[in-house]
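The values are calculated or read from the model by the stated rules, or taken from the named source; none is laboratory data. Not measured: the values here are computed from a predicted model. Note that we place each Cβ from the backbone using ideal geometry, even for glycine, and neighbour counts take in every protein chain shown.
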Amino acid sequence: MAPRSEWLDVSIPITPAMHAWPDSPPTTVTPHLAIAQGDVCNVSTIHFNSHCGTHMDAPLHFLAKGVSMDALPWDAVIGPARLIEVTDSESIKPAALRRLKLKAGARVLFKTRNSTRSWKKPGFDKDFVYISKEAAAYLVDCGVQTVGVDYLSVGGFYKDGIETHHILLGAGMWIIEGLDFRKAQPGNHDLLCLPLRLLGADGAPARCLIRRRSR
Ligand SMILES: [Zn+2]
């Protein structure tokens with residue numbers, strides 16, 4: 001039997017210093033109880049928004065009548081996934097996808113220069129690589145079930161931000177954002193992504209792991 005590769009954590013740490021979408025409420029972690037202050041235990045109060053760090057988008061994020069995170073099927077976030085490297089420094093375009101022969105129900109993760117460049121910047125990177133609206137429509141045509149990207153939005157900061165979300169979420173695709181693939185190699189993987197069980201939520205922070213498959 002071939003040795004199994006190890007799980008790789010591709011979520012980013014939740015800290016007040018993590019990259020956040022401009023003008024989004026800040027993430028804070030403050031002590032509520034502290035042993036150092038004479039309390040019997042340590043307990044923290046944590047504030048964050050539903051789209052901080054590594055997280056999922058529910059259709060409700062951009063569609064007023066879209067379903068919430070409660071409707072997430074486990075199949076969308078647990079199972080084989082393809083990690084695809086795209087070297088375009090602006091966006092993921094249909095030309096980069098056509099040769100891949102994506103199948104209906106596929107879970108597709110994109111590694112771009114964001115993984116090695118954007119996360120390393122001192123603050124939010126407005127020039128991150130995104131999925132163009134044309135590529136979003138192509139993913140929908142292929143029947144892709146789940147798409148994951150390596151910065152904080154599937155759509156761009158300057159371009160296609162709303163359009164790409166509308167196309168993907170409108171087609172019922174599940175979105176994972178804020179992944180970090182700097183240590184991941186392109187190819188076939190197992191995916192395990194578990195968003196927090198926030199009732200009625202438009203999105204939720206998630207822990208996400210991948211593991212290399214031999215085929
Ligand atoms: Zn989003």
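Observations on the model:
- Check on Lys126, within 16 Å of the ligand (Cβ to nearest atom), more than 26 Å from Lys65 (Cα to Cα), assigned to a loop (DSSP other than H, G, I, E, B) and among the charged types (D, E, K, R): yes
- Condition met for Asp202 (within 12 Å of the ligand (Cβ to nearest atom) and in contact (Cβ under 8 Å) with a residue 60 or more places away in the chain): yes
- Matching entry among Thr87, Thr54 (being of a type outside the set (A, V, I, L, M, F, W, C), under 24 Å from Phe181 (Cβ atoms) and within 18 Å of the chain's Cα centre (by Cα)): Thr54
- Cβ-Cβ under 6 Å pairs, at least 6 apart or on other chains, segment 138-162 side closer than 16 Å to Pro205 by Cα, far side within 13 Å of the ligand (Cβ to nearest atom) and among the small types (Gly, Ala, Ser): Leu152/Gly178
- Subset of segment 199-215 that is assigned to a loop (DSSP other than H, G, I, E, B) and among the aliphatic types (A, V, I, L, M) - its residue that is farthest from Leu109 (Cα to Cα): Leu199
- Residue list for segment 205-215, filter: away from the ligand (no atom under 16 Å from the Cβ) and either within 13 Å of Ala81 (Cα to Cα) or touching a Phe, Trp or Tyr at 6+ places or on another chain (Cβ under 6 Å) (or both): Leu209, Ile210, Arg211, Arg212, Arg213, Ser214, Arg215
- Test: residue in segment 132-142 that is exposed (fewer than 14 other Cβ atoms within 10 Å of the Cβ) and more than 14 Å from the ligand (Cβ to nearest atom): yes
- Test: residue in segment 51-70 that is more than 16 Å from the ligand (Cβ to nearest atom), in contact (Cβ under 8 Å) with a residue 40 or more places away in the chain and not aliphatic (A, V, I, L, M): yes
- Scanning segment 168-198 for residues being in a loop (DSSP other than H, G, I, E, B), surrounded by 23 or more Cβ atoms within 10 Å (Cβ to Cβ) and within 15 Å of the ligand (Cβ to nearest atom) gives a total of 2.
- Residue satisfying condition, being surrounded by fewer than 16 Cβ atoms within 10 Å (Cβ to Cβ) and modelled with pLDDT of 95 or more, within set Val86, Val67: Val67
- Restricting segment 97-124 to residues that are of a type in the set (Gly, Ala, Ser) and under 14 Å from Arg82 (Cα atoms), the residue that is surrounded by the most Cβ atoms within 10 Å (Cβ to Cβ) is Ala106.
- In segment 168-194, the residues that are within 24 Å of Pro59 (Cα to Cα) reach residues that are surrounded by 23 or more Cβ atoms within 10 Å (Cβ to Cβ) and among the polar types (S, T, N, Q) with C-beta atoms within less than 7 angstrom, at least six apart or across chains, in these pairs: Met173/Thr146; Trp174/Thr146; Ile176/Thr146; Gly178/Thr54; Leu179/Thr54.
- Pick from segment 146-167, criterion within 22 Å of Thr116 (Cβ to Cβ) and of a type in the set (Ser, Thr, Tyr), ranking: farthest from the ligand (Cβ to nearest atom): Tyr158
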